[in-house]
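Down below is the structure, laid out as structure tokens.
What follows is calculated from the coordinates using simple rules that are stated; it is not laboratory data. Quantities reported herein were computed from a predicted structural model and do not represent experimental measurements. Positions of Cβ are generated from backbone atoms using ideal geometry, with glycine treated the same way; all protein chains shown enter the neighbour counts.
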Amino acid sequence: MAAPRIIVVGGGLAGLSAAIKIAEAGGSVDLFSIVPVKRSHSVCAQGGINAAKNLKGEGDTTYKHFDDTIYGGDFLANQTPVKLMCVAAPAIIDLLDRMGVPFNRTPEGLLDFRRFGGTLYNRTAFAGATTGQQLLYALDEQVRRYESEGKVKKYEGWEFLSAIIDSKGIARGITALDLRTMELRSFAAGAVILATGGIGAIFGKSTNSVVCTGSAQSAVYQQGVYYANGEFIQVHPTCIPGEDKLRLMSESARGEGGRVWIPRNPGDKRPGKEIPEAERFYFLEEWYPKYGNLVPRDIATRAIHKVVYENHLGIDGQPMVYLDLTHIDRATLDRKLGGILDIYEKFVGDDPHEVPMKIFPGMHYTMGGIWVDFNQMTNVPGIYAIGECDYQYHGANRLGANSLLSCIYAGFISGPHALEYTKNLPAMEGDEGHAAELARQAELNAGLLKNEGKENPFKLWRELGDTMTKHATVIRYNKGLKQADEKIVELLDRYKNVSLADRSQWANTSFAFARQLKNMLELARVIVQGAVLRDESRGAHYKPDFPERDDERFLKTTKASFTDSGPRFEYEEVDTQYIKPRRRSYDAAN
Amino acid sequence: MANKTVQFEIKRQASPDDPAVWERFELEWRPGMNVTTAMMDIAANPVTADGKPTTPVTYDSCCLEEICGSCAMRINGRARMACSSLVDNLEQPIRVEPLSKFPLVRDLQVDRSVLFENLKAVKAWIPIDGTYDLGSGPRVYPQQQEVNYPLSNCISCTCCMEVCPQFNEETGFVGAATIAQVKLFNNHPTGSVLKEERLRALAGDGGIQECGFAQNCVEVCPKKLPLTNTISDVSRDVLVQKAKDFLRG
């Protein structure tokens with residue numbers, strides 16, 4: 001008998017990687033995605049992908065990549081999977097190269113590499129400043145090839161609603177919603193791989209795409225899957241503040257020599273270009289002479305917060321600092337950073353070749369995520385998680401250009417493992433819970449459509465985003481975090497009175513959004529409560545009241561499980577068998 | 001400035017079978033505001049300028065930074081991306097309609113899957129042997145990379161197809177975006193293995209000869225792909241291929 005089909009949810013780098021491996025090994029994939037997979041959020045990744053190929057004669061090694069990643073993540077990541085990922089990285093770059101990714105080249109026709117944050121080596125392969133887009137397209141093309149051979153079936157425009165878990169606690173499929181016809185259906189599968197990305201929408205405005213709501217992660221968390229290290233949220237130091245989102249200005253801008261500064265005189269009214277060198281405060285270079293502008297993101301973000309909110313030196317009194325590329329020649333900028341410079345010019349109206357960009361930190365990446373074992377399987381047999389939605393590779397802070405790598409690597413681990421797993425799966429008995437799960441989802445849908453109340457889901461969402469951004473990003477206090485939790489509980493209560501302005505059953509986007517919102521609210525509690533409990537500072541999680549890392553109490557993975565009264569927390573030992581935890585500091589020459 | 005507003009007129013259509021109607025909206029202006037922000041504002045307060053309750057607008061959007069290709073629509077008559085359309089640069093009232101050349105789903109949402117089908121038809125991929133470790137890829141010199149990279153920046157927004165006078169049901173023309181991908185993959189050392197098949201796929205009805213060289217595509221492309229030059233290059237390759245196939249009999 002043929003092995004059962006495998007469902008992959010999400011068509012970004014991770015999901016496509018898993019689909020390719022399964023199809024290549026002879027398996028059959030049903031690929032679900034809210035958007036056509038070529039439009040997935042991975043397209044937004046800009047700067048590059050890390051691999052210690054040592055093509056610049058610097059003596060880089062995969063072990064140094066491993067050490068930088070563990071150290072950059074403040075020792076919270078389990079070391080075994082990170083080590084294996086770093087070892088696999090050079091071959092992954094070669095594969096992407098063979099797939100036709102138009103990486104930048106050296107004059108000899110070899111791959112070019114550049115610097116990125118948290119390392120001293122040129123370790124980042126890149127395709128201009130649109131590396132994520134180019135990688136996604138390469139994988140999308142390979143999946144299209146398998147699709148035309150009938151090995152992958154795409155369900156684009158379908159949203160995952162829940163897993164189907166049988167009476168023995170084993171995953172047997174999913175329920176999903178057709179976002180056009182609003183049809184609710186169940187799909188059988190031997191294994192379900194979630195590759196559903198980050199949770200930026202929980203913070204209202206972020207660098208994430210609008211589909212990055214965390215709804216799928218939250219749905220399975222509410223069905224019994226552990227959610228780990230939820231409190232670790234990366235705030236990227238350099239974003240363009242905007243009305244609808246915070247647009248990323250890649251770390252590669254600094255990798256290519258971009259400098260961050262502010263005027264030394266508070267409230268200096270002159271345009272940036274007219275401020276003489278002596279009156280500029282290059283605070284990252286001054287405070288961190290060894291890494292300079294390329295300190296890891298958590299460090300750079302806190303430094304910007306400090307100059308703006310403690311030293312009151314923001315540009316013209318506003319919460320913004322300069323990211324300056326104007327000293328670099330135009331041809332180099334266009335060749336290596338063209339994509340992001342176009343974005344800045346289009347959305348701000350200034351030409352970054354000519355004037356320094358104005359930037360500020362913004363919510364960017366979800367280090368925490370679904371708890372998985374070293375094969376990417378969750379605690380529910382048959383459910384896997386890969387990519388940004390897992391918690392596995394970045395500890396307390398992710399290094400730039402490691403996310404594209406972790407997506408592809410986790411996809412490559414999960415796919416073959418899932419295929420093996422399904423071959424030994426006991427046969428289904430009866431319908432194994434399909435009818436019951438469909439009925440539960442149908443009831444939720446009907447309730448939402450009938451609801452008569454006064455609350456608008458989009459307004460509730462804005463309130464959620466405001467409170468999360470205020471209390472659960474760069475600087476955290478227990479008092480504020482508890483206020484945020486109270487606010488979320490209030491929003492959950494008001495959610496019961498959500499009334500939809502659109503009750504139709506055709507391409508009803510507010511209905512889909514309202515379903516996501518409930519899941520966002522449940523997951524938001526995991527983030528803020530996890531942060532309250534972690535009385536230390538580690539990586540991106542910073543509490544002024546507990547400024548030091550506390551390995552004795554908190555060198556542990558946070559694991560949240562769902563109960564009707566909110567998340568319940570437990571802690572798990574971290575695998576530190578290769579590198580002994582040491583103090584993390586980028587200021588001295590260590 | 002506090003009460004400055006922005007005027008919108010949005011074409012609404014509840015489903016392909018329902019009649020289209022225009023609705024007016026008056027929204028609060030904010031600095032840097034774009035057309036997608038306006039859609040979000042309407043969702044949070046779905047009321048027309050006349051005070052009538054309505055439904056949130058259905059439209060495609062994802063990244064909001066003009067890289068995913070989702071939010072293409074007609075804004076003041078021009079096909080463009082809603083996220084990078086800043087209201088300060090647009091004449092008001094800002095008239096927003098769906099793309100006209102694709103099957104309508106609802107409001108501003110259309111079905112553009114034809115592009116992805118076209119990409120299948122021309123085998124827009126590199127036929128690699130497998131994903132296991134087979135060593136490094138072929139050498140590519142920077143000069144070649146600088147030709148290929150711009151072609152690889154196509155975001156599949158379909159604006160080039162929307163504005164093309166030849167892209168219609170009568171001709172069945174594949175459109176500029178697909179032709180650009182043919183050139184991209186034919187240029188690649190491994191991709192060129194399928195070059196003949198790709199060129200033949202562009203040789204028949206709906207193929208490259210349908211292009212009337214109106215040059216609208218290159219003007220409207222948000223990523224500035226060199227579309228007309230590319231069509232010329234691929235046209236020549238298709239002709240050469242046709243001649244070869246003819247001589248081979």
Kindly evaluate A:Asn397 against the criterion of being of a type outside the set (Val, Ile, Thr), in a loop (DSSP other than H, G, I, E, B) and surrounded by fewer than 21 Cβ atoms within 10 Å (Cβ to Cβ).
no
May I ask you to verify whether B:Val140 is on the phi < 0 side of the Ramachandran plot and facing chain A (nearest Cβ under 7 Å)?
yes
A:Ile193, sole failed condition from (1) of a type outside the set (S, T, N, Q); (2) out of contact with any Leu (no Cβ under 6 Å at 6 or more places or on another chain); (3) not in a strand (DSSP E or B)
(3)
Members of segment B:210-249 found to be of a type in the set (Phe, Trp, Tyr) and either part of a helix (DSSP H, G or I) or in contact (Cβ under 8 Å) with a residue 60 or more places away in the chain (or both), listed by number:
B:Phe246
Could you please find all residues in segment A:477-514 being touching an Asp or Glu at 6+ places or on another chain (Cβ under 8 Å), part of a helix (DSSP H, G or I), within 25 Å of A:Ser209 (Cα to Cα) and more than 11 Å from every other protein chain (Cβ to nearest Cβ)?
A:Lys487, A:Leu491, A:Leu492, A:Tyr495
Does segment A:541-562 contain any residue that is among the aromatic types (Phe, Trp, Tyr), surrounded by fewer than 16 Cβ atoms within 10 Å (Cβ to Cβ), out of contact with any Gly (no Cβ under 6 Å at 6 or more places or on another chain) and assigned to a loop (DSSP other than H, G, I, E, B)?
no
Restricting segment A:13-67 to residues that are part of a helix (DSSP H, G or I), among the small types (Gly, Ala, Ser) and away from chain B (no Cβ under 12 Å), the residue that is surrounded by the fewest Cβ atoms within 10 Å (Cβ to Cβ):
A:Gly15
Can you find a residue that is within 14 Å of another protein chain (Cβ to nearest Cβ), in contact with a strand residue (DSSP E or B) (Cβ under 8 Å, 6 or more places away or on another chain), on the phi < 0 side of the Ramachandran plot and touching a residue at least 24 places away in the same chain (Cβ under 8 Å) anywhere in segment A:415-435?
yes
Quick test for you: out of A:Ile315, A:Ile328, A:Ile370, pick the one residue that is farther than 29 Å from A:Asp466 by Cβ and away from chain B (no Cβ under 14 Å).
A:Ile328
Select the helices (runs of 4 or more DSSP H) contained entirely in segment B:57-165, then report the ones holding at least 2 residues which are closer than 21 Å to B:Phe8 by Cβ.
B:159-162
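Here is a yes/no grid of residues against (1) farther than 24 Å from A:Cys44 by Cα; (2) without any contact (Cβ under 8 Å) to a residue 24 or more places away in the chain; (3) acidic (Asp, Glu):
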position	(1), (2), (3)
B:Ile126	no, no, no
B:Val140	yes, no, no
B:Glu146	no, yes, yes
B:Ser152	no, no, no
B:Cys160	no, no, no
B:Glu169	yes, yes, yes
B:Val174	yes, no, no
B:Phe185	no, no, no
B:Ala201	yes, no, no
Only one of these is of a type outside the set (A, V, I, L, M) and within 29 Å of B:Cys63 (Cα to Cα): B:Gln215, B:Gln166. Name it.
B:Gln215
Being more than 11 Å from every other protein chain (Cβ to nearest Cβ), surrounded by 20 or more Cβ atoms within 10 Å (Cβ to Cβ) and in contact with a helix residue (DSSP H, G or I) (Cβ under 9 Å, 6 or more places away or on another chain) narrows it down to one residue among B:Leu99, B:Leu90, B:Leu64, B:Leu108; which is it?
B:Leu99
Restricting segment B:23-56 to residues that are in contact (Cβ under 8 Å) with a residue 40 or more places away in the chain and touching a Lys or Arg at 6+ places or on another chain (Cβ under 7 Å), the residue that is farthest from the other protein chains (Cβ to nearest Cβ)
B:Ala49
Considering only segment A:122-131, state which residues are touching a Ser or Thr at 6+ places or on another chain (Cβ under 9 Å) and more than 8 Å from every other protein chain (Cβ to nearest Cβ).
A:Thr124, A:Ala125, A:Phe126, A:Ala129, A:Thr131
